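Only one structure is covered here, and it is reproduced in the block below.
Derivation of every value follows stated rules applied to the coordinates shown; laboratory data play no part. What you see is a predicted model; the values in this text were computed from it and never measured. Note that each Cβ is placed from the backbone with ideal geometry, even for glycine, and that neighbours are counted across all protein chains shown.
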Amino acid sequence: MHFGGIYEDETVGKVYDRRLMGRFIAYVLPYRRMLTTALLLLPLIAASKLAQPWIIKVAIDEHIVKGRMEGLPALAAAFLAIIFAESILMFAQVYLLQWVGQRVMYDIRVQLFSHIQRLSTRFFDQTPVGSLVSRLTSDIEVLGEMFAAGIVTVVGDILVLAGIVGIMLWMNVRLSLVTFSVLPVLIWVAFAFRKWMRLAFRQVRARQANLSAFLAESIGGMAVVQLFNRERDEAKEFRRLNASYVEANLPVITWDAALYAVVESLSSVAVALIIWYGGGEIVKGTLSFGSLVAFIQYIEKFFSPIRDLSAKYSIMQGAMASLERIFALLDNEDREPAVLPASEAAKGTPQACQASPAQALQSICFNDIWFAYKDRDYVLKGFSLQMKRGEKVALVGETGGGKTTVTRLLSRLYDVERGSITIDGTDIRELPLPVLRRRIGVVLQDPYLFSGTIAYNISLGDPEALKRVEQAAAVVGADRFIRELKNGYDEEVRERGVNFSAGERQLISFARAVAFNPEILVLDEATASVDTASERLIQQGLEGLMQGRTTLVVAHRLSTIRDADRIVVIHHGEKAEEGTHAELMAAQGLYYRLYQLQFKD
Ligand SMILES: Nc1ncnc2c1ncn2[C@@H]1O[C@H](COP(=O)(O)OP(=O)(O)OP(=O)(O)O)[C@@H](O)[C@H]1O
């Protein structure tokens, strides 16, 4: 069983949090005119709701009972007109609110996405992608529900409720009090049921999360599942999770159905009370027939917002929890590294390259750098290296030694903890990130391709790079296989480049680096081996790629190592040996042993 059942628990938040709401309102403010218009419609809608039973009362008492037909058609027409006006007003109000809701959701999504783009590599190391995606999708969707479910119109509901209570009391105090005797039961039922439902709903959310996590893993790893004949076990595990999801849903369905039934019966009880007590009042002559009918209609109008109120309560609670999570992400200050003032950057850093200041101005220099991904767990311990312009330096060493880490520090995916890295004498922390990253081209160990065309994947949509696509492909020799494709540079790349071989993906990523024409190249060679024909292609590609550029390469290929001007052996985060292939072989040290073990064919 590959599934551990880890899920994100749904937080049951407060129904109303002033601090969160205050922040949220800032997003609504730009649309205040639309919102105010919608709110201004509320009293009108409430009035038209309240007027309908009243018109019926007048029709019965003043016309039907008295046998006076004149004026009746006018009343009927007024009744129709009010219903028509109510539906138009309702349409306008729902439309306006949803419109505001959609705009607010759009704005928050945009802000959240650009915030996420500025977060540090360290943040992404620690945060599951799935949870970020759900912040941007389902959490924001819940905010939309707040508008759709008419939370804003609670004000309108309260107006209607208060209006009905007022009119009923005014018509007949005693009959009103008898009718309202069901209210405490109704309110208790509505809120108690919602509470039980909410608890049951948490289970549903948790099991749904389990189900999606399992599906994501299982479908993502389908090739492994099929190759190792694990289909039957996977299906069994899926059936188990699926059944437990259904099982969690049952209490929710039960409570929901029960709530509906109980509210319906209570409203019938109220109607029965009106007929029983009101009937007696009519006989005694203290209540008119029309009032009795109006009472029944009012009580029906009274029940529906109360039934909705408890549902709105749950939606508010969900929305508060979502706001909490969205704002927590927006408040995350784990930003990409900032630009430091020159004085600060240089403070206390030993200048390993200062021995030859003239060279420092033409080189990349790692000065005694220390770095840990976590706490004091140092991956690099006092690593120093100087590279001259145009030089090719190969980093070699056993796996996990810290080679990739050196390249990540140079492009500032992470910042050094102690020591410094300078390019042409300037600490890289003094350079704005876009400036630094324009100078450095990076080829990752596992090339990442996006869905889109090959031309897009090489240029990533950059207009300058787009002009150089074909030339770049030719430099690394990718043009040969691209030209053979049916659509050439317009051939579609599917998600993560699944429709290309590992070698082809490598060549596309080489072309991408060339298209951006960087002066410094950082290359993390893929460890995966490819067949001899592809190997030759990649080797030629690499030569084209490195031509005329200062290159730092984490080398896994013998050919790359041999072509390097200098080889640096990293062992346990420190530079163990340095020199040319011949020198290091002659020394018969670490490199010699590595060569015997790894590189010698
Ligand atoms: N994002 C990360 N978070 C935490 N630890 C990491 C992270 N990346 C790498 N490490 C750890 O840092 C150490 C050095 O990793 P690095 O990738 O630099 O090694 P390497 O020499 O490039 O290995 P390889 O040749 O296998 O690519 C390893 O022990 C690894 O577990």
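If we only count strands (runs of 3 or more DSSP E) wholly inside the stretch 389-445, which ones have 1 or more residues that are within 14 Å of the ligand (Cβ to nearest atom)?
Fully inside the stretch 389-445 and qualifying: 392-396, 440-443.
Working carefully through the options Met146, Met168, find the one that is hydrophobic (A, V, I, L, M, F, W, C) and over 21 Å from Gly318 (Cβ atoms).
Just a single option satisfies the conditions, and that option is Met168.
Yes or no, residue by residue, for (1) within 16 Å of the ligand (Cβ to nearest atom); (2) over 30 Å from Leu409 (Cβ atoms):
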{"residue": "Leu96", "(1), (2)": "no, yes"}
{"residue": "Met105", "(1), (2)": "no, yes"}
{"residue": "Arg109", "(1), (2)": "no, yes"}
{"residue": "Ile116", "(1), (2)": "no, no"}
{"residue": "Thr121", "(1), (2)": "yes, no"}
{"residue": "Gln126", "(1), (2)": "yes, no"}
{"residue": "Val129", "(1), (2)": "yes, no"}
{"residue": "Gly144", "(1), (2)": "no, yes"}
{"residue": "Ile151", "(1), (2)": "no, yes"}
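May I ask you to list the residues in the stretch 461-507 that are under 29 Å from the mean Cα position of the chain (by Cα), assigned to a helix (DSSP H, G or I) and of a type outside the set (Asp, Glu)?
Correct list: Pro463, Arg496, Gly497, Arg505.
Output yes when any residue across the stretch 133-142 is in contact with an Asp or Glu (Cβ under 7 Å, 6 or more places away or on another chain) and surrounded by fewer than 16 Cβ atoms within 10 Å (Cβ to Cβ), and no when none is.
no
Limited to the stretch 222-249, what total is found for residues that are surrounded by 15 or more Cβ atoms within 10 Å (Cβ to Cβ) and either within 17 Å of Val498 (Cβ to Cβ) or free of Cβ contacts under 8 Å to residues at least 24 places away in the same chain (or both)?
So the count comes out to 3.
Could you list, in sequence order, all residues of the stretch 170-194 that are surrounded by 14 or more Cβ atoms within 10 Å (Cβ to Cβ) and either within 22 Å of Ala51 (Cα to Cα) or of a type outside the set (Val, Ile, Thr) (or both)?
Once the filter is applied, which keeps residues that are surrounded by 14 or more Cβ atoms within 10 Å (Cβ to Cβ) and either within 22 Å of Ala51 (Cα to Cα) or of a type outside the set (Val, Ile, Thr) (or both), the stretch 170-194 yields Met171, Asn172, Leu175, Ser176, Thr179, Phe180, Leu183, Leu186, Ala190, Phe193, Arg194.
Given the criterion more than 29 Å from the chain's Cα centre (by Cα) and not β-branched (Val, Ile, Thr), identify the matching residue among Gly163, Gly130, Gly144.
Gly163
Take the residues of the stretch 359-388 that are under 32 Å from the mean Cα position of the chain (by Cα) and in a loop (DSSP other than H, G, I, E, B): which is farthest from the ligand (Cβ to nearest atom)?
The residue in question is Arg376.
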